[in-house]
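Contents: one structure, followed by commentary.
The values are calculated or read from the model by the stated rules, or taken from the named source; none is laboratory data. Keep in mind that what you see is a predicted model, and the values were worked out from it rather than measured. Cβ atoms come from the backbone with ideal geometry, glycine included; neighbour counts cover every protein chain shown. Side chains included, ligands, DNA and RNA excluded: accessible areas come from the protein's heavy atoms. Shrake-Rupley method; radii C 1.70, N 1.55, O 1.52, S 1.80 Å.
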Amino acid sequence: MRLIAVGLGAAAVATAVALFVPWLPTPASKQADRIDFVFWFVTVICIAIFALVVAVILYAVVRFRARPDDDSDGAPIHGHTGLEIAWTAVPAILVTVIAIVSAVALAQNDRLPKRHIRVNVTAQQFAWTFQYPASKGLTTSSLRLPLGEAVELKMQSKDVIHSFWVPVFGQKEDVVPGITTRLVITPTRLGTFPVVCTELCGEGHALMRSQAIVMRPAAFAAWVKAAQQAAAKATGGASGGGPGLAVFNNQGCSACHTYKPAGSSATTGPDLDNLAADAQRAGQPLDAFVRESIVDPNAYIEKGYQPNIMPQTFKSLPKQQLDALVQFLTGAK
Ligand code: CUA
């Protein structure tokens, strides 16, 4: 009776710790629900084992403690075949069951329903870009998803290994140069959630953040239409450096910089609305300053910012695109 009482007490404490501490974020996808199920399944088993071990230890420590004036040895017990079989067989069964439950959850999480949308994810130091191939290649710096519809992310890296993680979606997936990795997400909750790079990828790793925005399907469709129109206008328009805006968005500039003419408001890098003042401080003509800052970002570092955060990959931009980008950044002043 005492043994059972101690065991129940230990189980109650462990259960309280499991339930009343918010260990996991509230899931926002079907896949996260399955992972949470595995997590709680394992936790329940752990609590049962914890209670058993604590009960036996506490009971033994109290019940069989050395009494004063009793220096005698305990009874000479050697081995117990029944016990040994039990403590080998029970963990083997438990681990097998956990493996099966995990394998089923992983298989289900990988399954892609027929009706789904696809998003190409590109990772580079230190920004994410998301491209919607079914929507004429619409490219954005934050991931917008319709509620309740499966999405397949096809992920590629332009430089080093990154790792895609939206904590509320429950899964991490490495983004590795040279191969395409995939992840299936079916959002179940509206909201804006952080996208995190969870693989140390360089000095700007901690800043490699974006957002996953889950919208109602109608709102998503409306957004796709509006964004497509805006992109078409930007590329097709003859006025004010339209192609430059396309380069700006495709290269992920909007993921890090605020620039009003592009409608971006990120704060990882300097605000590009102040380029004229920055060029003056750097003592260079605006056009040359902007060009240099794109192809050789460490040449001049704006006060309050760190070197080596901006990718140094833009020197490989085709000249035509670089010209368009510089014109877009300087001409709109
Ligand atoms: Cu990309 Cu860390």
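Cross-link partners of K30 among lysines, defined as those whose alpha carbon lies under 17 angstrom from its own and excluding same-chain residues fewer than eight positions apart: K114, K172.
Figure legend: label point modelled 7 angstrom from the Cα of A60 along Cα→Cβ; residues of the stretch 10-48 with amide N under 20 Å from it are 10-11, 46-48. Annotation: amide H of T181 within the under-5 Å range of M155, V176, sequence separation 5 or more or interchain, hydrogens built in the peptide plane.
Let a ≥ b ≥ c be the square roots of the eigenvalues of the Cα gyration tensor of the chain; is it rounded (a/c under 1.5), or, if not, prolate (a/b larger than b/c) or oblate?
prolate
Computed over protein heavy atoms with a 1.4 Å probe, the accessible surface of the stretch 44-188 works out to 60 Å² per residue. Amide hydrogen proximity for S29: with H placed 1.01 Å from N in the peptide plane, the residues at 5 or more positions away or on another chain lying under 5 Å are T188.
Say R0 is 35 Å: what FRET efficiency, to the nearest 0.05, do E149 and A299 get from their beta-carbon distance?
After rounding, the FRET efficiency stands at 0.20.
A Förster radius of 45 Å combined with the Cβ-Cβ distance from T180 to I93 puts the calculated FRET efficiency at roughly 0.70.
For the stretch 18-176, the relative contact order works out to 26 percent when only alpha carbon pairs closer than 8 Å and six or more residues apart are counted.
Charging the Cβ of each Asp and Glu at -1 and of each Lys and Arg at +1, and nothing else, the dipole of the chain about its Cα centre rounds to 1360 debye. Within the same chain, aspartates and glutamates fewer than 8 places from K303 are excluded, and of the rest, those with a Cα less than 16 Å from its Cα are D271, D273, D278. Taking the protein heavy atoms of the chain in the context of the full set of protein chains, the accessible area attributed to carbon and sulfur is 63 percent at 1.4 Å. For the chain, the relative contact order comes to 14 percent (Cα pairs under 8 Å, sequence separation of at least 6).
Modelled spin-label separation between V160 and A232, with each label point placed 7 Å from Cα along the Cα-to-Cβ direction: 4.1 nm. For the chain, the share of DSSP beta bridges that are antiparallel, to the nearest 5, is 70%. Distant-in-sequence amide contacts of A266, defined by a placed amide H-H separation under 5 Å and a gap of 5 or more residues or a different chain, comprise H257, T258, Y259.
Scan the chain and note any complete DSSP helix (H) whose C-alpha atoms cover at least 15 Å along its axis and whose Kyte-Doolittle average is 0.0 or more. Show your work: numbers first, answer last.
Details: long enough: 2-20 (27 Å, 1.99); 30-63 (49 Å, 1.77); 81-110 (43 Å, 1.44); 217-236 (28 Å, 0.33); 319-331 (17 Å, 0.09).
Passing helices, by number: 2-20, 30-63, 81-110, 217-236, 319-331.
Listed values for the stretch 154-163 are Karplus-derived 3J(HN,Hα) couplings in whole Hz (6.51 cos²θ - 1.76 cosθ + 1.60, θ = phi - 60°), namely 10, 10, 9, 10, 8, 9, 10, 7, 10, 9, and x replaces Gly and Pro. Packing order of peptides 25-37, 309-321, highest average first: 25-37, 309-321 (average count of other Cβ atoms within 10 Å over each peptide's residues).
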